[in-house]
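Working notes, structure below.
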Amino acid sequence: MQFNYSHEGKNVSKDPQFQKAYGQPLPRLTASKNATYLQFIDSLSYIWARLHPEIEFRPYADNHNFNPDKGYVVYALVDREPTQNNAKPRHQEVIPHPDDPDKHLAIYSWSFMNSIKFTALHQDPRTAEEIIEAFEDFMIYATPIFIEIGVQTCAYGRRASDEHKTRYGEDLAARSLIWMVGTQKIL
């Protein structure tokens, strides 16, 4: 592997990847597609299950029973707002109809910022803390994957206060994170 140590635009590597002078800004990572909220959740669930099969990822529901010896990450949509105060879809472009050359399709998009709460549950507070820290690291490392599949933004929102839940005879420690995830609908 070769590195470009040039600070003055003189390139020591013939590899095109290193032809820019050191320190010049790289192009911003952007989505090549668009993803909805459910597509984001499905992708996250798929990747998480392969990396941490012992920690179940599931949607929040009041009637779920949890095994206190097992670890869980549950998610819930806290809030969804249109971005830039767009209360309705915005017209993007008109394209030719793929099947009928006499028709055209009007493309509209509607962008949303979703606040999603991810909560780690376990009977041991220390284990719940370790699960949420592992999940936080996972989200940081997986953000480029989510961007590639079409998420517009995936950013750390905040750490929520620690909780202790007792219900249905279960005694669980809960540790939560809020992530801000930008998604888009194409109409």
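The table below lists the values:
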read-out: Residues of segment 50-91 that turn out to be assigned to a strand (DSSP E or B) and either in contact with a helix residue (DSSP H, G or I) (Cβ under 7 Å, 6 or more places away or on another chain) or free of Cβ contacts under 8 Å to residues at least 60 places away in the same chain (or both), as a count; value: 18
read-out: Residues located in segment 106-127, provided they are under 21 Å from the mean Cα position of the chain (by Cα) and of a type in the set (A, V, I, L, M); value: MET113, ILE116, ALA120, LEU121
read-out: Odd one out for ASP137, checked against (1) open to solvent by 60 Å² or more (accessible area, probe 1.4 Å); (2) modelled with pLDDT under 90; value: (2)
read-out: Candidates ILE116, ILE178, ILE132 - the one that is surrounded by 13 or more Cβ atoms within 10 Å (Cβ to Cβ) and part of a helix (DSSP H, G or I); value: ILE132
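The values are calculated or read from the model by the stated rules, or taken from the named source; none is laboratory data. Note that this is a predicted model, so its numbers are computed, not measured. Note that each Cβ is placed from the backbone with ideal geometry, even for glycine, and that neighbours are counted across all protein chains shown. Just the protein is used for accessible areas: all its heavy atoms, side chains included, with ligands, DNA and RNA removed. Shrake-Rupley method; radii C 1.70, N 1.55, O 1.52, S 1.80 Å.
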